[in-house]
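Colleague: Input: one structure, supplied below.
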Amino acid sequence: MKGLIAVARREIAENRMALLAALIAGIGPIAVPVVRNLHGAHATEVRSVSAFFGAVTLAAGFSILLGFQTLSQGISDRRIGFFFARPLSSAAIWGGKLAGVASLALAAALLVTLPAFLVNGGNLAVDWGWSLWPFLALSLLLIPLSFALSIPIRSRSALIGADFLVFGLAALVVALAARPLVRAHATVALRWGWIGLALIVWLGFLVAGYRAVARGRTDIRAAHRAASRILWLFTAIGVLGFAAYTRFVLSAGPEDLTDQWGETMAKGSWVVVGGAARHRFDYQPRFAYNMESRQSRRLPDVSTDTRLFFSHEAKTLLWFEGAEPPYELVTLTVGRQAASAEVRHTRIFSSSRWSQVALSADDRWLALAQPKGKEPGLLSVYELGSGRFLASTPLSPLTHIRLFFPRSDLLRVYEIADVPGSNPVRIRIFDFDWAARKATAGGEIGPLGTGWLLLSPSPDGNRLLVRDPVKRSFFLADGRSGQTIAALFAPGWKARFAMFLSDGRISLAETNETQARFRILDGHGQETPGIGLPYAETIFPGGEISPGKLVVALRAKAGVSAWTSLLVDLKTGGVKTLGEGLFPLATFSYWNTTDPFAGPSPGSPASRLFFTPDHRLVEVDPATGVRKVILGNG
Amino acid sequence: MSTPQETAVSLEGLTVRYGKSTACEDVSLSIARGAVYALLGRNGAGKSSLVRCLLGQQKPSAGRALLFGRGVWSERTALMARVGVVPEEPDAPPAMNALQLSDFCRRLYPRWNQKEVEDRLARFGVSVRNSFGRLSKGEKGEVMLALALGHGPELLVLDDPTLGLDLVARKALYEDLVGELADRGTTVLITTHDLSGIEGIATRVGILKEGRLVLDEDAETLKSRFRRIRYGNQITETRSAYGTELDAFEAVKVKVRGWGVDAVVSNYNDLSFERFRSTDGVVDAEVAPMSLEEIFLAVAGESSAEKAAETPIAKGGPR
């Protein structure tokens, strides 16, 4: 330590003129407000900011310059021999030199701020609250980096070619390893990876610099050889570590999910789950998971905002793939138990990943609606198996499209005119006969106010439940003509949701200040006896656990754990509590969809799935209330 | 062979290579304590590489260097407390003056004698307030010598210390060196071109030629066996040849001049010379002792390439 201090002191003494230069440079921050004729708080702020940037610039500049010059120049011209001819260890020479440079850079940075600090009356706080110290510390980290880099540059040996090759390969491997995380928008996970990699590589530079001095001593080429070996080793460790880390992050399985609210769907025995995963920061994987076979299949990550579509019978999953347009529609066959290993590329492309897709019940026909903003959009029909284009028809500009196949030979389209800032909203209904390449106009709904518009067609397409965004109530309309069949408005009640039950009836959930209720209506909107429910602020459907037995989730007050799931027997009017804190997985399937086949079919395993407040996915036996953990460890 | 306790410096098969070129090839030597070893060699003979290896500043490609029986590469820090060094190029930090340099060294050596350093600098007449970078080459050398002697080293390594020094500075350096030797019995390894300067000081001499140690011998023995013999030759008919009259000697260098033959022999003794002088055809034979410089020139004066380029002189040529 005595030697290290002696070397450091000598280094400072030798470069002491730099401190004088820094002190003179410190006049700059106090001169700026004078030159620009600023006064008061504004002048104080300008002095502080100037001093702040001056200090950081000087610290970084000195670190790079002196780090590059001090030691390696001594090695290359052998002047370092003066120190090696003394009883000084290599560590003392290396450490003393670098400590001297660090002290100089730090002292120079502080000296730059000194005049402004004094003029400001002992205040150097900048408005945005940044502290100078972390920036100075980061600047000092440049010293070993600069020193280690100066060795190969000064040695001018052919080995520098190998250095470039190694670093080029390392950059390539890192880029390849990072790409999946970049695509998954896992910026936090990636940032930690970068930090880890940077730390290892920086350590490599630090150790390489030391080894260059310890092994090279007065021989710059030997120093280069020693430094390169260490740099290559640490780079390899860093790159392999980074690759292993990204692999670890990407290896998250369904069992690692800690918060599965991110993306969920349920159909048959398949559920789509995705969200935050244990030790994976913001990487949010997504999986198709078969709750019976426990088999899973990785899907595009949640953060890619890729929408998924289940076919009617949960035989196929569809989504758009690609980082930029055109996006290709890909399919994954999900059988009753297992998913096929292969994702099939359909050769069906869309210009937008937000295009609407509908699949016929027999999984044969695919309709693809591509609205194009102010330009006319395009509705196309394909044969899914072959990817063959069949027909297309234009769509009106500035519309949102909802579509579905009421029958395998009929495509129903709701074209929602939604001009931004314009009121009211109109819904044009038409059917598209792709065999005849003919669009047949139906009727029109509206005008309606802007807001949360909800369209819920019956599976046969004959009727349509519409939520009026202004009146906040539902009405039943003819599915093709749009003619109102019945208004479902009840004075003093707020309609929360309405849906067609599997037997064709309509369930309508309503709440008021003190209570909630279910209204049951027949297919024509005629009232049948309703069912009273406990008071709820919010109420959501959760799918039919068996035909006529509907799960609903209630929440009396805000907060996730306040959810309660009830089982409502629509025949007897009986209401049974399935569990406090449970939220039905099927609820997610009903959000923002016009697909009458969304959600688990009655009696399917997915209809019995619930999330718990500790983020587990459990299957609840409706008869006993017993919970079986399907996914998650909380 | 001397024991490690008696040996200050030992090189064992030391080889230094820079890429494909070889600076030192399989050099082995040992220097006993108290000896003054003059390592001679032409520029590029490998002296400086050898010295750097000896000081643990460079790792040899093969072989090893020992100081006081300990490997210098691995134990350099401890060993340097016992060694004083005057490098070929004075390498002290240029911004510091002699007193600051001395103060720096004082912190590193437990036995540092500040007064002695200051006295020596005063004796040299070096300006102690001037920064090292502003000193003349001679003054720099004197400062380096003062620093090298400041801790009373057991071994003093001087790598061409008189290079660039004027006559007065050289004299001062050697006087100090002699004084140091007389006072403490310090072992000295000196590489130099100033052969006359070390003539009376060196106790042993080594000559490096093209990286190889071609000579390593006690100085007195060396000087006693090398002689210059000049004679007229009445036997050979051509000037470019000489006969077998020199067979009794190992002739290091032979030149045929207008008046006769000028030869340097490396195994001279009086008896052989008497026989040689009485050889038929040899007339006016004279023998003269040689200085270290003359011996060096005879041994290392020509490189292999230069020698190969010369017209060979056939020994025992046509009569």
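The values are calculated or read from the model by the stated rules, or taken from the named source; none is laboratory data. Keep in mind that what you see is a predicted model, and the values were worked out from it rather than measured. Neighbour counts run over all protein chains shown; Cβ positions are idealised from the backbone, glycine included.
Colleague: Considering only segment A:213-229, state which residues are facing chain B (nearest Cβ under 10 Å) and under 18 Å from B:Ala23 (Cβ atoms).
Modeller: Once the filter is applied, which keeps residues that are facing chain B (nearest Cβ under 10 Å) and under 18 Å from B:Ala23 (Cβ atoms), segment A:213-229 yields A:Gly216, A:Arg217, A:Thr218, A:Asp219, A:Arg221, A:Ala222.
Colleague: Scanning segment B:39-67 for residues that are among the small types (Gly, Ala, Ser) and not in a strand (DSSP E or B), which turns out farthest from the other protein chains (Cβ to nearest Cβ)?
Modeller: Result: B:Ala45.
Colleague: Further question: For segment A:74-93: of the residues being more than 23 Å from B:His151 (Cβ to Cβ) and surrounded by fewer than 24 Cβ atoms within 10 Å (Cβ to Cβ), which is nearest to the other protein chains (Cβ to nearest Cβ)?
Modeller: Once the filter is applied, the top-ranked residue is A:Asp77.
Colleague: When the residues of segment A:45-73 are narrowed to those that are away from chain B (no Cβ under 14 Å) and of a type in the set (S, T, N, Q), which ends up nearest to B:Glu154 (Cα to Cα)?
Modeller: A:Ser72
Colleague: From the list A:Val56, A:Val34, pick out the single residue that is assigned to a helix (DSSP H, G or I) and without any contact (Cβ under 8 Å) to a residue 60 or more places away in the chain.
Modeller: It is A:Val34.
Colleague: Also, I was wondering about something else. Pairs, please: C-beta under 7 Å, at least 6 apart or cross-chain, first residue farther than 15 Å from B:Gly232 by Cβ and in segment B:262-279, second assigned to a helix (DSSP H, G or I)?
Modeller: Close Cβ pairs (under 7 Å, with a partner that is assigned to a helix (DSSP H, G or I)) amount to B:Val264/B:Ala298; B:Ser266/B:Arg225; B:Asn267/B:Arg225; B:Tyr268/B:Arg225.
Colleague: What are the residues in segment A:363-384 that are surrounded by fewer than 18 Cβ atoms within 10 Å (Cβ to Cβ) and touching a strand residue (DSSP E or B) at 6+ places or on another chain (Cβ under 9 Å), if any?
Modeller: Within segment A:363-384, A:Arg364, A:Lys372, A:Pro376, A:Leu378, A:Glu383 qualify.
Colleague: Which residue is nearest to the other protein chains (Cβ to nearest Cβ), if the candidates are limited to segment B:68-78 and must be touching a Ser or Thr at 6+ places or on another chain (Cβ under 8 Å) and more than 25 Å from A:Arg221 (Cα to Cα)?
Modeller: Here the residue is B:Phe68.
Colleague: Please specify each residue of segment A:1-29 satisfying the condition of being out of contact with any Leu (no Cβ under 8 Å at 6 or more places or on another chain) and surrounded by 20 or more Cβ atoms within 10 Å (Cβ to Cβ).
Modeller: A:Leu4, A:Ala8, A:Arg10, A:Pro29
Colleague: I'd like the full set of residues that are buried (at least 22 other Cβ atoms within 10 Å of the Cβ) and assigned to a loop (DSSP other than H, G, I, E, B), limited to segment B:193-210.
Modeller: B:Ala202, the sole residue that qualifies.
Colleague: For segment A:281-293, how many residues are surrounded by fewer than 23 Cβ atoms within 10 Å (Cβ to Cβ) and farther than 14 Å from A:Val334 by Cβ?
Modeller: Number of matching residues: 2.
Colleague: For segment A:557-575, check the following and say yes or no: at least one residue is assigned to a loop (DSSP other than H, G, I, E, B), over 28 Å from the mean Cα position of the chain (by Cα) and touching a residue at least 40 places away in the same chain (Cβ under 8 Å).
Modeller: yes
Colleague: A follow-up question, please. If you check every pair at least six apart or on different chains, which have Cβ atoms under 8 Å apart with a residue in segment A:395-418 that is within 22 Å of A:Pro469 (Cα to Cα) first and a residue that is aromatic (Phe, Trp, Tyr) and part of a strand (DSSP E or B) second?
Modeller: So the pair list comes out as A:Ile401/A:Tyr414; A:Arg402/A:Tyr414; A:Leu403/A:Tyr414; A:Val413/A:Phe430; A:Val413/A:Phe432; A:Glu415/A:Phe430.
Colleague: Could you identify the single residue in A:Trp94, A:Trp130 that is at negative phi and not in a helix (DSSP H, G or I)?
Modeller: A:Trp130
Colleague: So for segment A:475-486 (the condition being surrounded by 13 or more Cβ atoms within 10 Å (Cβ to Cβ) and modelled with pLDDT under 90), does at least one residue qualify?
Modeller: Within segment A:475-486 (the criterion being surrounded by 13 or more Cβ atoms within 10 Å (Cβ to Cβ) and modelled with pLDDT under 90), the answer is no, since none of the residues qualifies.
Colleague: Now a separate question. Restricting to helices (runs of 4 or more DSSP H) lying wholly in segment B:79-185: which have 3 or more residues that are within 14 Å of chain A (Cβ to nearest Cβ) and touching a helix residue (DSSP H, G or I) at 6+ places or on another chain (Cβ under 7 Å)?
Modeller: B:98-106, B:137-149
Colleague: Could I ask something else about it? Scan A:Phe117, A:Phe135, A:Phe83 and give me the residue that is over 45 Å from the mean Cα position of the chain (by Cα) and over 19 Å from A:Val207 (Cβ atoms).
Modeller: A:Phe83
Colleague: Among the residues of segment A:5-22, is there at least one that is at pLDDT 85 or above, under 24 Å from A:Arg156 (Cα atoms) and within 14 Å of chain B (Cβ to nearest Cβ)?
Modeller: Among the residues of segment A:5-22, not one is at pLDDT 85 or above, under 24 Å from A:Arg156 (Cα atoms) and within 14 Å of chain B (Cβ to nearest Cβ), which makes the answer no.
Colleague: For segment A:297-319, which positions are on the phi > 0 side of the Ramachandran plot and crowded, with 21+ Cβ neighbours inside 10 Å?
Modeller: A:Ala314
Colleague: Out of all the residues in segment B:6-38, which are among the small types (Gly, Ala, Ser), surrounded by fewer than 19 Cβ atoms within 10 Å (Cβ to Cβ) and not in a strand (DSSP E or B)?
Modeller: B:Gly19, B:Gly34
Colleague: Sticking with this one: Every residue in segment B:151-164 that is under 14 Å from B:Asn113 (Cβ atoms) and crowded, with 24+ Cβ neighbours inside 10 Å, please.
Modeller: Selection gives B:His151 alone.
Colleague: Tell me whether segment B:72-83 contains one or more residues that are free of Cβ contacts under 8 Å to residues at least 12 places away in the same chain and either surrounded by 18 or more Cβ atoms within 10 Å (Cβ to Cβ) or among the aliphatic types (A, V, I, L, M) (or both).
Modeller: Yes, segment B:72-83 has at least one match.
For every residue, the table says whether it meets (1) small (Gly, Ala, Ser); (2) in contact (Cβ under 8 Å) with a residue 60 or more places away in the chain; (3) over 20 Å from A:Leu66 (Cβ atoms); (4) surrounded by fewer than 21 Cβ atoms within 10 Å (Cβ to Cβ).
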| position | (1), (2), (3), (4) |
| --- | --- |
| A:Phe147 | no, yes, no, no |
| A:Ser150 | yes, yes, no, no |
| A:Ala158 | yes, no, yes, yes |
| A:Leu165 | no, no, yes, yes |
| A:Gly204 | yes, no, yes, no |
| A:Gly216 | yes, yes, no, no |
| A:Thr246 | no, yes, yes, no |
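Colleague: Let me ask you something else. Of everything in segment A:584-611, what is in contact with a helix residue (DSSP H, G or I) (Cβ under 6 Å, 6 or more places away or on another chain) and of a type in the set (A, V, I, L, M)? Give them in sequence order.
Modeller: Of everything in segment A:584-611, those that are in contact with a helix residue (DSSP H, G or I) (Cβ under 6 Å, 6 or more places away or on another chain) and of a type in the set (A, V, I, L, M) turn out to be A:Ala586, A:Ala598.
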